[in-house]
Amino acid sequence: MNQSSRPERIRAQLSAALAPSVLELTDESALHAGHAGAASGGSHFRLKIVSARFEGLRLVMRHRLVYDSVHDMMHNEIHALAITALAPSEL
């Protein structure tokens, strides 16, 4: 798939898995030009996501849910994903 559809596919997979009330995805790949991961075709993203699924979960479990949602894209299409994962009660 072309690179421009990558953010849309990430959003779709996260939305389907976590039904977030907030999903802000920023492509920061341009900031990492020349980096080994960028050279291999992987993109760098920053994610802010708010989901009721995170309520009562520790940070590591929240991140696991996010990574599980996009596991098929990790390492080849997503090189790095900086995650801020919040429960609605934390807003």
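The values are calculated or read from the model by the stated rules, or taken from the named source; none is laboratory data. Predicted, not measured: the structure shown is a model, and the values here were computed from it. A quick note on method: Cβ atoms are made from the backbone with ideal geometry, for glycine too, and the neighbour counts reach across all protein chains shown.
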Condition check: modelled with pLDDT under 95 and not aliphatic (A, V, I, L, M). Does residue 40 satisfy that?
yes
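For residue 7, are the conditions met, namely being in a loop (DSSP other than H, G, I, E, B) and either surrounded by 11 or more Cβ atoms within 10 Å (Cβ to Cβ) or at pLDDT 90 or above (or both)?
On the way: in a loop (DSSP other than H, G, I, E, B): no; either surrounded by 11 or more Cβ atoms within 10 Å (Cβ to Cβ) or at pLDDT 90 or above (or both): yes.
For residue 7, the condition - in a loop (DSSP other than H, G, I, E, B) and either surrounded by 11 or more Cβ atoms within 10 Å (Cβ to Cβ) or at pLDDT 90 or above (or both) - is not met.
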Is it the case that the stretch 61-75 has a residue that's modelled with pLDDT under 95, over 22 Å from residue 87 (Cβ atoms) and loosely packed, with under 11 Cβ neighbours inside 10 Å?
no
